[in-house]
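Let me begin by presenting the structure, written as structure tokens, before commenting on it.
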Amino acid sequence: MNKLGHIAIIMDGNGRWAEERGKKRSTGHEAGAKIVREITSFCAAHEEIERLTLYAFSTENWKRPRLEVEFLMKLLDKYLKQELETYLQHNIRFEPIGDLRAFSKQLQTTIQSVKEKTAHCDGLVQSLALNYGAQDEILRAFNSLKESDGDITQEMLENALDCKTDVDLLIRTGGDHRLSNFLLWQAAYAELFFTDTLWPDFSAKELDKIIKKFKKVERRFGGLK
């Protein structure tokens, strides 16, 4: 049986979900935020899953229309404040990854507050990737090590990354088959699963089915067996 410690999800399809229903894209983002709670609660109750990393806002998402970006920032602030009770109830530790300096002071304060208030929790770790891009993460890690004496080792680089845990299972919703600059280093040997389901229609039931398929995969990590 494969070890399932770290699940990472690219939550794609909020905008298309809304457009298919003749609604504003913001409606899709709101619906997607509700699914985050369902998936996080499921993972918190799963005896094997130690970490859940969700791609919430990428370094490229700033290119979206200004009003959509502003809405996403407000939704993130609202989500974190509302979900603090859920984190504490389910013993979930919140650990954001990404370069948070680009966010407003108010949003940075909210992120830091939730992180500090859940720091004692020792159950599931939920990481939201915020203003995150894997290439940016690796570049920032190298820059933090450039004054180091001698050669930079793999261990040194991994310790300098935002996320220091290898991904076991990486899922992308929404029908596209690409990693979109998400956890490129950590997903080197991850099993990749793609589903056509748009994120607001994704469910714990579908995640459970994917996990069952993952458990049957033969993982060789470059070896024969």
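Figures for the structure shown
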| item | result |
| --- | --- |
| The range 102-135, residues that are assigned to a helix (DSSP H, G or I), open to solvent by 10 Å² or more (accessible area, probe 1.4 Å), without any contact (Cβ under 8 Å) to a residue 40 or more places away in the chain and more than 22 Å from N159 (Cα to Cα) | K105, Q106, Q108, T109, T110, S113, K117 |
| Of all residues making up the range 136-150, the number that are in a helix (DSSP H, G or I) and either exposed (fewer than 11 other Cβ atoms within 10 Å of the Cβ) or among the aromatic types (F, W, Y) (or both) | 2 |
| E158 over 30 Å from K209 (Cα atoms) and touching a Cys at 6+ places or on another chain (Cβ under 9 Å) | no |
| Top-ranked residue of the range 22-54 - restricted to ones that are part of a loop (DSSP other than H, G, I, E, B) and not basic (K, R), ranked as farthest from T165 (Cα to Cα) | G22 |
| Within the range 92-101, tally of residues that are closer than 18 Å to T165 by Cβ and either open to solvent by 40 Å² or more (accessible area, probe 1.4 Å) or among the polar types (S, T, N, Q) (or both) | 2 |
| Any hit, the range 56-71, residues being assigned to a loop (DSSP other than H, G, I, E, B), open to solvent by less than 80 Å² (accessible area, probe 1.4 Å) and among the polar types (S, T, N, Q) | yes |
| Boolean, E85 is open to solvent by 20 Å² or more (accessible area, probe 1.4 Å), farther than 21 Å from S180 by Cβ and either out of contact with any Ser or Thr (no Cβ under 6 Å at 6 or more places or on another chain) or not charged (D, E, K, R) (or both) | yes |
| Matching entry among D149, D196, D208 (being charged (D, E, K, R), over 16 Å from the mean Cα position of the chain (by Cα), at pLDDT 95 or above and over 21 Å from H46 (Cα atoms)) | D196 |
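The values are calculated or read from the model by the stated rules, or taken from the named source; none is laboratory data. These numbers were taken from a predicted model, which means no experiment stands behind them. In this analysis, Cβ positions are derived from the backbone assuming ideal geometry, glycine residues included, and neighbour counts consider all displayed protein chains. Just so you know, the surface numbers come from the protein's heavy atoms only, side chains and all, with ligands and any DNA or RNA stripped out. Shrake-Rupley method; radii C 1.70, N 1.55, O 1.52, S 1.80 Å.
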